[in-house]
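Undergrad: Pasting in a structure now, in structure tokens, and then I'll have a few things to ask.
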Amino acid sequence: MDVKRALIVGAGKGISASFAKGLAARGAQVMLAARNTDKLADLAGETGALTESCDAGDPASVAALFQAADREMGGVDLVLYNASSRARGGIAELDPADVEKAIRISGFGGFLVAQQAAKRMLDQGHGAIFFTGASASVKGYPNSSSFAMGKFALRGLCQSLARELSPKNIHVAHFVIDGGVRSDTRKEPEGKPDSFLDPDAIAQTYLAVLDQPRNAWSWEVELRPFVENF
């Protein structure tokens, strides 16, 4: 798919930054969206990306984001939903308001972004909508119920949209990031190289899925470091 205009929602360091760099290297115009755009200054400078503030769980904010993409880029060919939130703790102690927020960002926000993207892509006859998932997309962990609920919802959304939109030339894909992602603050233990996922390597897979012929599209890919036990 020839992507000229890409929007990344929930942008920051790590996976989204690596993906933005990969897209920019291909000549795509990238727009980065986050609640706090100050943290995106270095990445925007490196990639030539536009930045836009957005609360992914708010319908009006998401609508305004896509209007900005229409105005500044003339629309979107690819959207990546990378935003998430969680409330940690045991079920008996969790604040319902915190859980509601977590589900709103991780799950409902994915719906809002996908809806705005689909409206435009259906009109133009092509596009791609990608979602970043996690281990919690397929298995719930103790003290992480809010994250599991949000990520399960996001995976269900993607599975449904893939069946609805793929026949209309819109590639929908979900990426299960089943392991820790390497960062400046998360480095491999001594003597255990490649025990964390490299965000640049993850981005390579996102780009490879983007390049798939439409007669053999993936709707889901699971990524894990080689040391993980299946």
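Undergrad: With the condition kept exactly as written, say whether any residue in the stretch 20-32 is farther than 30 Å from SER145 by Cβ and among the β-branched types (Val, Ile, Thr).
TA: yes
Residue-by-condition table, conditions (1) open to solvent by 50 Å² or more (accessible area, probe 1.4 Å); (2) closer than 24 Å to HIS171 by Cα; (3) aliphatic (A, V, I, L, M):
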position	(1), (2), (3)
ALA24	no, yes, yes
GLY45	yes, no, no
THR51	yes, no, no
ASP55	no, no, no
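Undergrad: What single numbered condition from (1) touching a Lys or Arg at 6+ places or on another chain (Cβ under 7 Å); (2) over 30 Å from ASN215 (Cα atoms) fails to hold for ASP42?
TA: (1)
Undergrad: List the number of the failed condition for VAL76; all other conditions in (1) more than 19 Å from ILE105 (Cα to Cα); (2) at pLDDT 95 or above; (3) over 19 Å from the mean Cα position of the chain (by Cα) hold.
TA: Unmet for VAL76, out of (1) more than 19 Å from ILE105 (Cα to Cα); (2) at pLDDT 95 or above; (3) over 19 Å from the mean Cα position of the chain (by Cα): (3).
Undergrad: While we're here: Quick check on this structure: which one of VAL3, VAL9, VAL79 is touching an Asp or Glu at 6+ places or on another chain (Cβ under 6 Å) and within 28 Å of ALA208 (Cα to Cα)?
TA: Step by step, each of VAL3, VAL9, VAL79 is checked, and only VAL3 is touching an Asp or Glu at 6+ places or on another chain (Cβ under 6 Å) and within 28 Å of ALA208 (Cα to Cα).
Undergrad: Okay, next question. Taking the conditions exactly as written (hydrophobic (A, V, I, L, M, F, W, C), open to solvent by 40 Å² or more (accessible area, probe 1.4 Å), more than 25 Å from MET73 (Cα to Cα) and at pLDDT 95 or above), does ALA201 satisfy them or not?
TA: The answer is yes for ALA201.
Undergrad: How many of the residues in the stretch 26-43 are of a type outside the set (Asp, Glu), open to solvent by 10 Å² or more (accessible area, probe 1.4 Å) and closer than 19 Å to ASP184 by Cα?
TA: Residues in the stretch 26-43 being of a type outside the set (Asp, Glu), open to solvent by 10 Å² or more (accessible area, probe 1.4 Å) and closer than 19 Å to ASP184 by Cα: 3 in total.
Undergrad: Restricting attention to the stretch 1-22, which residues are surrounded by fewer than 21 Cβ atoms within 10 Å (Cβ to Cβ), over 17 Å from HIS171 (Cα atoms) and not small (Gly, Ala, Ser)?
TA: LYS13, LYS21
For (1) farther than 29 Å from GLY179 by Cα; (2) touching a helix residue (DSSP H, G or I) at 6+ places or on another chain (Cβ under 6 Å), each residue gets a yes or a no:
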position: PHE19; (1), (2): no, yes
position: GLY22; (1), (2): no, yes
position: ALA25; (1), (2): no, no
position: GLN29; (1), (2): yes, yes
position: ASP42; (1), (2): no, no
position: GLY57; (1), (2): no, yes
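Undergrad: Name the residues in the stretch 21-52 that are part of a helix (DSSP H, G or I), modelled with pLDDT of 95 or more and among the basic types (Lys, Arg), would you?
TA: LYS21
Undergrad: Enumerate the helices (runs of 4 or more DSSP H) found wholly within the stretch 66-174, keeping only those where 2 or more residues are out of contact with any Leu (no Cβ under 6 Å at 6 or more places or on another chain) and of a type in the set (Val, Ile, Thr).
TA: Filter on the stretch 66-174 gives 96-103.
Undergrad: Between SER218, SER166, which is touching a helix residue (DSSP H, G or I) at 6+ places or on another chain (Cβ under 6 Å) and either at positive phi or not β-branched (Val, Ile, Thr) (or both)? Outline the logic, then answer.
TA: Details: SER166 fails: touching a helix residue (DSSP H, G or I) at 6+ places or on another chain (Cβ under 6 Å).
Sole residue among the options that is touching a helix residue (DSSP H, G or I) at 6+ places or on another chain (Cβ under 6 Å) and either at positive phi or not β-branched (Val, Ile, Thr) (or both): SER218.
Undergrad: For the condition modelled with pLDDT under 95, under 25 Å from ALA64 (Cα atoms) and of a type outside the set (D, E, K, R), what is the one hit in SER85, SER106?
TA: Of the residues listed, the single one that is modelled with pLDDT under 95, under 25 Å from ALA64 (Cα atoms) and of a type outside the set (D, E, K, R) is SER85.
Undergrad: When the stretch 117-144 is examined, which residues are found to be surrounded by 21 or more Cβ atoms within 10 Å (Cβ to Cβ) and either over 23 Å from PRO59 (Cβ atoms) or small (Gly, Ala, Ser) (or both)?
TA: Across the stretch 117-144, the qualifying residues are ALA117, GLY127, ALA128, GLY133, ALA134, ALA136, SER137.
The values are calculated or read from the model by the stated rules, or taken from the named source; none is laboratory data. Being a predicted model, the structure only gives us computed values, none of them experimental. Please note: Cβ atoms are built from the backbone with ideal geometry, for glycine as well, and neighbour counts cover all protein chains shown. Remember, those area values only see protein heavy atoms, side chains included, never the ligands or the DNA or RNA. Shrake-Rupley method; radii C 1.70, N 1.55, O 1.52, S 1.80 Å.
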